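Student: Provided herewith is a single structure, encoded as structure tokens, for subsequent inquiry.
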Amino acid sequence: MFSKEESRKLREEFWTSFGKSFPRKWILYNTKIKDFSFKFYFDTKKAGVTLDIESQDLKNRIHYYQKLESLKSILLEEYLPGAIFEDVFFLDNRKEISRIYVEKTGVSVHNKKSWREAMEFLNENMLLFEAFYREYEDIIKS
């Protein structure tokens with residue numbers, strides 16, 4: 001087991017190393033759509049890339065989720081075959097959002113031997129997610 005401080009340092013070291021290994025300006029929050037963002041995560045059990053729709057306005061959240069769902073077959077066939085669509089997803093803080101994501105199990109931020117595998121997964125999948133978004137951005141925003 002790791003103390004909170006040891007865990008925090010490992011996480012910090014991982015993300016610093018990731019940034020150095022894959023230096024790139026990611027879209028992340030810069031989608032030009034309020035409460036619509038791409039995120040990375042890596043914890044003690046899995047690594048993932050998400051597209052979160054966090055609007056408090058349910059109509060707005062449904063609107064964007066349905067736009068993405070209309071493009072689901074394209075996303076799955078041409079970009080991310082393992083993408084999971086969840087119209088209702090609860091964050092740890094119990095906030096309800098909509099999420100589309102891919103994840104890799106069997107890696108841990110506490111296991112440095114799995115870092116390279118996690119980094120490559122995160123990089124490859126965010127690149128694909130961003131390519132999809134850039135290609136269909138006009139449809140999603142309309």
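Student: Using the Karplus curve 6.51 cos²θ - 1.76 cosθ + 1.60 with θ = phi - 60°, work out ³J(HN,Hα) for each residue of the stretch 83-99 in order, rounded to whole Hz, and write x for Gly and Pro.
Tutor: Those phi angles translate into 5, 10, 9, 10, 5, 10, 9, 9, 6, 4, 7, 6, 6, 8, 9, 10, 9 Hz.
Student: Could I ask something else about it? In this model, which of Lys4/Lys45; Lys20/Lys67; Lys4/Lys25; Lys32/Lys104; Lys45/Lys72 are farther than 24 Å apart at the alpha-carbon?
Tutor: Over 24 Å apart, Cα to Cα: Lys20/Lys67; Lys4/Lys25; Lys32/Lys104; Lys45/Lys72.
Student: Using alpha-carbon pairs under 8 Å, 6+ residues apart, how would you state the relative contact order of the chain in percent?
Tutor: Across the chain, relative contact order equals 26 percent.
Student: Please identify the helices of the chain, taking whole runs of DSSP H, that span at least 24 Å along their own axis as judged from the Cα atoms and have a mean Kyte-Doolittle score of 1.0 or higher.
Tutor: none
Student: Something else now. According to the Kirkwood expression over distinct Cα-Cα pairs, how big is the hydrodynamic radius of the stretch 4-141, in Å?
Tutor: 15.7 Å
Student: Kindly provide the helix-only [θ] at 222 nm of the chain, computed as the sum of -39,500 (n - 2.57) over DSSP H runs of four or more divided by all residues, to the nearest 500 deg cm²/dmol?
Tutor: Mean residue ellipticity, 222 nm, calculated: -14000 deg cm²/dmol.
Student: How about the stretch 1-96: which trypsin sites (Lys or Arg not before Pro) there lie in a loop by DSSP and see at most 14 other Cβ atoms within 10 Å?
Tutor: Arg24, Lys25, Lys32, Lys34, Lys45, Arg94, Lys95
Student: Select from His110, Gly48, His63 the residue farthest towards the positive end of the dipole of the stretch 4-141; place +1 on Cβ of Lys and Arg, -1 on Cβ of Asp and Glu, and compute about the Cα centre.
Tutor: Projecting each Cα onto the dipole axis, the largest value belongs to His110.
Quick note: the coordinates plus some simple rules give every number you see, no bench work behind them. Treat the numbers as computed from the prediction; the structure is a model and nothing was measured. Methodologically, a virtual Cβ is constructed for each residue, glycine included, from the backbone with ideal geometry; neighbour enumeration extends over all protein chains shown.
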